[in-house]
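Student: Handing you a structure now.
The values are calculated or read from the model by the stated rules, or taken from the named source; none is laboratory data. Not measured: the values here are computed from a predicted model. Here Cβ is always computed from backbone atoms with ideal geometry, including for glycine, and neighbour counts include all displayed protein chains.
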């Protein structure tokens, strides 16, 4: 394959959280919980089908809308938001959260996939930045759900 064959960038990150799938799903879908470990400026609105919610980060200036494309508790959430250097005609990226029970639902495998980045230097910069962000989110989710610790507090600022 040569570089002209690559038309879109996407990535997948995953990790295991030692809690049942319904509890882990709820930690992502519920704005009160999401605000405690991920959205440093707060989240407004539950991640449910058709909703437009607001996520705010103190370390990334300004609140922005997140549109919920799908939400199938406790297994899957699909969101979209505006991005730069995207392949989508609407200028959005798509992020899919998948929650899979592991070890008789004692643990949950969380998989996050984001797509719709152009196969350019600018697209790669945005994709790599978001990949870092989602990896950080998974670590913060695990620390919050398992131990009640907010890893992001003071990390970026």
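Student: Given the conditions (1) within 23 Å of residue 16 (Cα to Cα); (2) exposed (fewer than 15 other Cβ atoms within 10 Å of the Cβ), which single one is not true for residue 96?
Tutor: (2)
Student: Quick one: in region 25-42, which of the residues that are assigned to a helix (DSSP H, G or I) and either on the phi > 0 side of the Ramachandran plot or out of contact with any helix residue (DSSP H, G or I) (no Cβ under 8 Å at 6 or more places or on another chain) (or both) is surrounded by the fewest Cβ atoms within 10 Å (Cβ to Cβ)?
Tutor: Here the residue is 32.
Student: Further question: Please find, within region 101-112, the residue that is farthest from residue 17 (Cα to Cα) out of those that are surrounded by fewer than 17 Cβ atoms within 10 Å (Cβ to Cβ) and within 16 Å of the chain's Cα centre (by Cα).
Tutor: 111
Student: For region 113-123, check the following and say yes or no: at least one residue is over 12 Å from the mean Cα position of the chain (by Cα), closer than 19 Å to residue 73 by Cβ and not in a loop (DSSP other than H, G, I, E, B).
Tutor: No, region 113-123 contains no residue that is over 12 Å from the mean Cα position of the chain (by Cα), closer than 19 Å to residue 73 by Cβ and not in a loop (DSSP other than H, G, I, E, B).
Yes/no per residue for (1) under 19 Å from residue 104 (Cβ atoms); (2) modelled with pLDDT under 95:
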| position | (1), (2) |
| --- | --- |
| 2 | no, yes |
| 5 | no, yes |
| 11 | no, no |
| 20 | yes, no |
| 23 | yes, no |
| 27 | no, no |
| 33 | no, no |
| 43 | no, no |
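Student: I've got another one for you. Out of curiosity, is residue 88 more than 16 Å from residue 133 (Cα to Cα), modelled with pLDDT under 95 and in contact with a strand residue (DSSP E or B) (Cβ under 9 Å, 6 or more places away or on another chain)? If you could, list the steps in order and put the result at the bottom.
Tutor: Numbers: more than 16 Å from residue 133 (Cα to Cα): yes; modelled with pLDDT under 95: yes; in contact with a strand residue (DSSP E or B) (Cβ under 9 Å, 6 or more places away or on another chain): yes.
Judged against the criteria, residue 88 is a match.
Residues are listed down the side, and each one gets a yes or a no for (1) touching a residue at least 12 places away in the same chain (Cβ under 8 Å); (2) surrounded by 16 or more Cβ atoms within 10 Å (Cβ to Cβ); (3) farther than 20 Å from residue 29 by Cα:
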site: 49; (1), (2), (3): yes, no, no
site: 54; (1), (2), (3): yes, no, no
site: 59; (1), (2), (3): yes, no, yes
site: 64; (1), (2), (3): yes, no, no
site: 87; (1), (2), (3): yes, yes, yes
site: 119; (1), (2), (3): yes, yes, yes
site: 123; (1), (2), (3): yes, yes, yes
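Student: Go through region 1-21 and give me each residue that's exposed (fewer than 15 other Cβ atoms within 10 Å of the Cβ), assigned to a helix (DSSP H, G or I) and in contact (Cβ under 8 Å) with a residue 12 or more places away in the chain.
Tutor: If the condition is that a residue be exposed (fewer than 15 other Cβ atoms within 10 Å of the Cβ), assigned to a helix (DSSP H, G or I) and in contact (Cβ under 8 Å) with a residue 12 or more places away in the chain, then 3 is the only one that fits.
Student: Go through region 47-92 and give me each residue that's part of a loop (DSSP other than H, G, I, E, B), touching a helix residue (DSSP H, G or I) at 6+ places or on another chain (Cβ under 8 Å) and closer than 22 Å to residue 108 by Cβ.
Tutor: Those that are part of a loop (DSSP other than H, G, I, E, B), touching a helix residue (DSSP H, G or I) at 6+ places or on another chain (Cβ under 8 Å) and closer than 22 Å to residue 108 by Cβ: 47, 48, 73, 74, 75.
Student: Which of the residues spanning region 93-112 are touching a residue at least 24 places away in the same chain (Cβ under 8 Å) and in a loop (DSSP other than H, G, I, E, B)?
Tutor: Residues satisfying the conditions are 105, 106.
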